[in-house]
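Undergrad: This is the structure I have questions about; it appears just below.
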Amino acid sequence: MPINEFPDYELADMTVVTKPAELRAMADPLRNTILDLLLERAATVAELAGAVGRPKSTVAHHVNVLLNAGMLRVVRTRKVRAIDERFYGRTARTFYVGRVPLEQITPPPWNNYLADAAAESMPAYHADQMRALHHHARISPDQAREFWKRVYQVVREFTEMPREGDGAYGFVVGLYPTDHPTLPTSGMEPAD
């Protein structure tokens with residue numbers, strides 16, 4: 001399946017985020033929504049405010065926080081009644097949280113995306129419209145890293161799907177170590 005070019009402007013594939021200001025900027029729920037919307041296409045403050053149902057002044061403040069953190073930039077302008085209207089876009093398709101000394105950031109400003117998705121998905125769950133899987137596998141850290149690279153490609157494919165329909169779907173993934181029980185390495189235990 002060919003992947004369309006989303007968004008409608010140039011941006012880096014990935015940026016590693018490690019500065020406290022960057023982390024705080026992307027942790028706010030409204031700013032996170034703005035970043036999500038700008039994966040589709042560049043937009044003005046007025047368009048973003050209309051999409052999220054908030055005043056333009058509120059959205060302008062949050063756009064400025066993201067601009068100052070280096071996560072947004074002006075990708076184009078146009079004249080509207082002698083005023084330059086700015087279209088904002090992300091600086092990267094993915095903002096990856098890198099190694100951060102936790103003592104510098106307490107409490108951590110980022111969200112637990114799985115918890116956020118659990119809350120967001122409740123209406124779909126009650127309407128029997130949710131699709132979810134939860135599995136465990138005993139794998140090595142190297143296998144986990146390689147698997148996560150493949151998952152990242154699926155996430156990218158999801159965000160680049162052609163835009164159609166009236167609603168938005170959420171997609172969350174997680175890969176994390178657990179204390180889930182495992183069987184012994186060999187299935188051939190001696191019989192008593």
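Undergrad: Six or more apart or on different chains, Cβ under 7 Å: which pairs go from a residue in the stretch 5-26 that's open to solvent by less than 60 Å² (accessible area, probe 1.4 Å) and of a type in the set (Ser, Thr, Tyr) to one that's modelled with pLDDT under 90 and in a loop (DSSP other than H, G, I, E, B)? Could you list them?
TA: Sorted first by the residue in the stretch 5-26, then by its partner, the pairs are Thr18/Gly98; Thr18/Arg99; Thr18/Val100.
Undergrad: Can you find, within the stretch 135-158, the residue that is nearest to the chain's Cα centre (by Cα) among those that are hydrophobic (A, V, I, L, M, F, W, C) and under 17 Å from Thr94 (Cα atoms)?
TA: The selected residue is Val155.
Undergrad: Scanning for something at pLDDT below 90 and open to solvent by less than 40 Å² (accessible area, probe 1.4 Å), does the stretch 41-58 turn up at least one residue?
TA: no
Undergrad: Continuing with this model, one more query. Of the residues that sit in the stretch 159-184 and are open to solvent by less than 70 Å² (accessible area, probe 1.4 Å) and within 17 Å of Arg131 (Cα to Cα), which one is nearest to the chain's Cα centre (by Cα)?
TA: Ranking the candidates gives Val172 first.
Undergrad: Let me ask you something else. Within the stretch 162-169, identify whether any single residue is closer than 30 Å to Leu66 by Cα, modelled with pLDDT of 85 or more and among the hydrophobic types (A, V, I, L, M, F, W, C), and answer yes or no.
TA: No: the stretch 162-169 contains no residue that is closer than 30 Å to Leu66 by Cα, modelled with pLDDT of 85 or more and among the hydrophobic types (A, V, I, L, M, F, W, C).
Undergrad: Whether any residue in the stretch 70-90 is of a type in the set (Phe, Trp, Tyr), outside any strand (DSSP E or B) and either closer than 26 Å to Asp13 by Cα or over 16 Å from the mean Cα position of the chain (by Cα) (or both) is what I want to check.
TA: no
Undergrad: Among Ala118, Ala127, Ala132, which is of a type in the set (A, V, I, L, M, F, W, C) and either over 25 Å from Ala27 (Cβ atoms) or more than 22 Å from the chain's Cα centre (by Cα) (or both)?
TA: Answer to the selection: Ala127.
Undergrad: Then there is this: Under the condition of being over 22 Å from Thr33 (Cα atoms) and touching a residue at least 24 places away in the same chain (Cβ under 8 Å), which residue from the stretch 120-150 is least open to solvent (accessible area, probe 1.4 Å)?
TA: Only one residue fits best here, namely Ala144.
Undergrad: Quick check, is Glu85 at pLDDT 90 or above, in contact with a Ser or Thr (Cβ under 7 Å, 6 or more places away or on another chain) and among the acidic types (Asp, Glu)?
TA: In short, yes.
Undergrad: Among the candidates Thr77, Thr159, Thr91, single out the residue that is touching a Leu at 6+ places or on another chain (Cβ under 8 Å), at pLDDT 90 or above and polar (S, T, N, Q).
TA: Criteria check complete, one pass: Thr91.
The values are calculated or read from the model by the stated rules, or taken from the named source; none is laboratory data. Fair warning: this is a prediction, and the values are worked out from it, not measured in the lab. Every residue, glycine as well, gets a Cβ built from its backbone with ideal geometry; the counts of neighbours run over all protein chains shown. These area figures cover heavy atoms from the full protein model, side chains too; ligands, DNA and RNA do not enter into them. Shrake-Rupley method; radii C 1.70, N 1.55, O 1.52, S 1.80 Å.
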